[in-house]
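Report on the structure given below.
Where a number appears in this text, it was derived from the coordinates with a stated rule and is not lab data. These numbers were taken from a predicted model, which means no experiment stands behind them. Positions of Cβ are generated from backbone atoms using ideal geometry, with glycine treated the same way; all protein chains shown enter the neighbour counts.
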Amino acid sequence: MSLSAQQVIQLIEELAPKKLAADWDNVGLQVGAYDQRVSKVLVTLDVNRAVMDEAIAKEVDLIISHHPVIFKSLSEVRFDTEIGRIIRSAIKNEINIYVAHTNYDIAKGGLNDLLADKLDLLDVQILQPTFEDEVKKLVTFVPEESIDEVREAITSAGAGWIGNYSDCTFQMKGVGAFKPLADSTPYLGEEGQLESVKEVRLETIVPASKLKRVINKLNKVHPYEEVAYDIYPVEINGESFGLGRIGKLKASLSFVELIAQVKKQLGVADLRVVEPKVDTIKKIALCSGSGADLIKKAAFKGADLLLTGDLKYHDAELAVELGLGIIDAGHYGTEIIMQKGIVEYLKTKIQERGLEEIEVSSAKSNKGFIQIV
């Protein structure tokens with residue numbers, strides 16, 4: 001059994017659309033073809049020689065990586081470089097390589113939300129907004145007997161969300177008219193004769209990032225051969241996305257207690273820390289990977305501590321000045337959880353959509369590069 005690479009990638013991009021990625025980033029399909037058949041997927045934090053060897057041994061068709069293989073434009077692919085050897089191996093063994101990097105960091109349900117879940121944070125908010133989704137109004141016209149099926153289909157695909165309310169739609173009855181022409185296969189009516197049908201005008205709002213999926217679902221379930229619909233721009237604020245998260249612990253912890261919890265939840269043996277000004281910690285900011293740029297933002301939003309990686313000397317100095325505690329669990333330590341996160345997400349979505357089952361696994365050979373001795 002297999003899926004096309006496009007089908008698997010579409011599931012990833014429903015979670016983490018490419019437009020969420022930072023301007024400097026390079027995400028998406030970096031090696032391969034969308035129409036290639038995929039029966040085995042390997043999810044990894046990095047694509048290096050060890051991971052490529054593992055993929056070849058497992059006869060993997062698609063690697064989903066967090067960190068890009070091709071970060072900047074390449075003017076040459078040389079086999080005496082690590083990147084060149086990886087690209088050559090991927091092409092030779094017909095292995096696609098797809099990257100979900102900062103778009104997955106930023107996505108709702110992405111890496112930073114996984115990190116917040118590890119700490120059981122409550123009232124989780126975005127730390128640094130970076131993107132606001134546009135909102136569109138969708139209007140379509142449905143025969144009365146099909147209204148429930150169509151409404152359920154488009155709302156389940158992501159339409160009709162307003163704040164804490166789902167399935168928000170408006171309906172108005174009317175009469176539609178049409179004349180089937182030659183070569184048509186009408187749901188109602190006869191070729192060459194004007195037909196009048198009792199219809200329902202169904203309207204709702206859709207995030208622009210989910211519009212394509214909603215329209216695809218509409219076309220799939222609507223009974224008409226040619227589905228009539230209108231899309232209008234709407235001048236309201238859409239859903240916000242951004243880097244990092246900030247939230248509250250279920251119960252206040254001492255610095256020592258929080259250190260122990262982070263080690264346990266992330267499976268990290270060693271941490272670098274900056275002691276917070278407060279005795280007990282309640283509000284935590286976090287950013288997977290390298291989040292030192294968010295030190296000021298975390299302090300401004302009232303965090304007692306920032307959990308991140310890649311802390312530098314002067315970053316720590318700034319944190320002390322602001323009274324902000326830091327736990328540096330490392331770039332690897334704060335991001336390796338993405339492997340399990342994407343594996344579980346893909347397995348769930350494939351089952352929910354009734355797609356052909358494929359093998360999705362987490363890379364075993366991906367190890368952190370830095371050791372403390």
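State the extension gain, in nm to one decimal, for the chain segment bounded by Arg201 and Lys301, taking 0.36 nm per residue of separation less the distance between their alpha-carbons.
31.5 nm
Computed from backbone phi with θ = phi - 60° and the Karplus coefficients 6.51, -1.76 and 1.60, the 3J(HN,Hα) list for region 198-208 is 5, 10, 10, 7, 10, 10, 7, 10, 9, x, 4 Hz; x is used for glycine and proline. Length gained on full extension, Glu145 to Ala251: 32.9 nm, using 0.36 nm per residue less the C-alpha separation. Calculated FRET efficiency, Arg49 and Ser156, Cβ-Cβ r, R0 56 Å, to nearest 0.05? It comes out at approximately 0.85. Here Tyr104, Tyr313 are placed in order of increasing Cβ neighbour count within 10 Å, fewest first, which gives Tyr313, Tyr104. For the set Lys250/Lys301; Lys118/Lys248; Lys72/Lys296; Lys40/Lys263; Lys19/Lys220, the pairs lying more than 24 angstrom apart at their alpha carbons are Lys72/Lys296; Lys40/Lys263; Lys19/Lys220. For the modelled label position 7 Å from the Cα of Tyr187 along Cα-to-Cβ, which residues of region 207-238 have backbone nitrogen atoms closer than 12 Å? Only 218-229 fall inside the zone, counting backbone N under 12 Å. Mean silhouette area of the chain, derived from the convex hull of its C-alpha atoms and averaged over all directions, reads 23.4 nm². Rounded to the nearest 0.05, the FRET efficiency derived from the C-beta distance between Asn219 and Lys263 at R0 = 56 Å is 0.65.
Report, in degrees rounded to the nearest 10, the 0 to 90 angle that the Cα long axis of helix 82-92 makes with the longest principal axis of the chain. Orientation of helix 82-92: about 40 degrees from the principal axis.
Helix 211-221 and the longest principal axis of the C-alpha atoms of the chain enclose an angle of approximately 40°. With each label modelled as a point 7 angstrom along the Cα→C-beta vector, the Asp167-Phe369 pair spans 5.0 nm. As a proxy for reagent exposure, ranking Lys283, Lys277 by other Cβ atoms within 10 Å from fewest up yields Lys277, Lys283. Binning the alpha carbon pair distances of region 50-103 at 5 angstrom intervals from zero yields the distribution 5, 18, 30, 26, 16, 5, 0, expressed in whole percent. Run through region 130-166 and list the GluC sites (Glu not before Pro) located in a DSSP loop whose Cβ has at most 16 other Cβ atoms within 10 Å. Here the sparse-neighbourhood loop sites are Glu134.
Charge tally for Pro17 (other residues, Cβ to Cβ under 14 Å; Lys, Arg +1; Asp, Glu -1): -2. Under conditions of 25 °C and 0.890 mPa s, region 134-234 yields 174 µm² s⁻¹ as its translational diffusion coefficient, taking Rh as the Kirkwood radius over Cα pairs in the Stokes-Einstein equation. As I understand it, the value is the acute angle between the Cα axis of helix 147-156 and the longest principal axis of the Cα atoms of the chain; what does it come to in degrees, rounded to 10? With both axes taken from Cα atoms, the answer is about 20 degrees.
Normalised by the number of residues in region 134-234, what is the relative contact order in percent for Cα pairs under 8 Å and 6+ residues apart? Contact order relative to length: 46 percent.
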